[in-house]
1. Restricting attention to region 91-113, does a residue exist that is over 13 Å from the mean Cα position of the chain (by Cα), within 22 Å of residue 50 (Cβ to Cβ) and buried (at least 16 other Cβ atoms within 10 Å of the Cβ)?
2. On the given criteria, is residue 60 touching a Ser or Thr at 6+ places or on another chain (Cβ under 9 Å) and either surrounded by 15 or more Cβ atoms within 10 Å (Cβ to Cβ) or among the aromatic types (Phe, Trp, Tyr) (or both)?
3. Tell me, please, whether a residue that is polar (S, T, N, Q) and in a strand (DSSP E or B) can be found in region 98-105.
4. If residue 86 satisfies all but one of (1) within 20 Å of residue 51 (Cα to Cα); (2) out of contact with any Phe, Trp or Tyr (no Cβ under 7 Å at 6 or more places or on another chain); (3) not hydroxyl-bearing (Ser, Thr, Tyr), what's the number of the condition it fails?
5. Please verify whether region 114-132 includes one or more residues that are assigned by TED's automatic domain parsing to the domain that holds residue 52, surrounded by fewer than 18 Cβ atoms within 10 Å (Cβ to Cβ), aliphatic (A, V, I, L, M) and in a strand (DSSP E or B).
6. For region 118-136, enumerate the residues that are modelled with pLDDT of 95 or more and touching a Phe, Trp or Tyr at 6+ places or on another chain (Cβ under 8 Å).
7. Residues in region 41-48: is at least one surrounded by 10 or more Cβ atoms within 10 Å (Cβ to Cβ) and either of a type in the set (S, T, N, Q) or modelled with pLDDT of 70 or more (or both)?
Amino acid sequence: MKRKQFIFRVGQGVLFTCAGACVLASCSSGDDGMENINNGGDNGGNPGGGDTVSISLNDIPEIGDQKSQSGILFIRIGNGNDPSDFVATEAVCPHQGGQLVYVAGEGYIECQLHFARYENDGDTIRGPQGSSGNTRDLVIYDLDVDGTTLVATK
């Protein structure tokens with residue numbers, strides 16, 4: 001057997017093995033590793049761990065500005081500096097871990113992986129698009145403003 005034939009045959013075997021493993025993994029029973037997340041009830045409420053994450057109000061000065069910090073997505077939705085002028089939610093989609101972003105012009109939170117959409121209160125507008133499975137409502141964290149610092153409580 002010539003070297004070119006050998007490399008071609010070995011390459012085919014590796015390709016089929018990897019492709020088979022990927023297909024079998026995608027046919028799993030739906031275990032996406034999210035079963036241990038407590039969403040605090042039907043409305044995506046605060047799970048109540050007590051840990052806090054903070055950002056400066058200067059990090060999100062304009063309506064629609066957003067910043068992820070330690071797994072929390074902070075979003076400015078109002079002009080003031082009261083807790084009601086902000087939303088703090090999980091930074092990744094509960095469906096398959098896609099990055100969440102705030103679509104300011106439309107006023108909703110959207111997953112960048114499968115385009116699931118959520119209200120500012122965490123309620124699901126629509127589930128994942130072009131993907132099997134569904135999603136849950138987002139966890140929304142309690143917020144406080146301490147001087148020029150926005151504090152979310154997990």
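1. no
2. Values: touching a Ser or Thr at 6+ places or on another chain (Cβ under 9 Å): no; either surrounded by 15 or more Cβ atoms within 10 Å (Cβ to Cβ) or among the aromatic types (Phe, Trp, Tyr) (or both): yes.
Answer is no for this residue.
3. Of the residues in region 98-105, the ones polar (S, T, N, Q) are 99.
Subsequent filtering for residues that are in a strand (DSSP E or B) retains 99.
Within region 98-105 (the criterion being polar (S, T, N, Q) and in a strand (DSSP E or B)), the answer is yes, since at least one residue qualifies.
4. Among (1) within 20 Å of residue 51 (Cα to Cα); (2) out of contact with any Phe, Trp or Tyr (no Cβ under 7 Å at 6 or more places or on another chain); (3) not hydroxyl-bearing (Ser, Thr, Tyr), the lone unmet condition for residue 86 is (2).
5. Checked region 114-132: at least one residue is assigned by TED's automatic domain parsing to the domain that holds residue 52, surrounded by fewer than 18 Cβ atoms within 10 Å (Cβ to Cβ), aliphatic (A, V, I, L, M) and in a strand (DSSP E or B).
6. Answer for region 118-136, where residues must be modelled with pLDDT of 95 or more and touching a Phe, Trp or Tyr at 6+ places or on another chain (Cβ under 8 Å): 118, 119, 120.
7. If we filter region 41-48 for residues that are surrounded by 10 or more Cβ atoms within 10 Å (Cβ to Cβ), which is where we start, we get 41, 43-48.
Subsequent filtering for residues that are either of a type in the set (S, T, N, Q) or modelled with pLDDT of 70 or more (or both) retains 43, 46.
Yes: region 41-48 contains one or more residues that are surrounded by 10 or more Cβ atoms within 10 Å (Cβ to Cβ) and either of a type in the set (S, T, N, Q) or modelled with pLDDT of 70 or more (or both).
The values are calculated or read from the model by the stated rules, or taken from the named source; none is laboratory data. These numbers were taken from a predicted model, which means no experiment stands behind them. With ideal geometry, Cβ positions are generated from the backbone for all residues, glycine too; neighbour counts draw on all protein chains shown.
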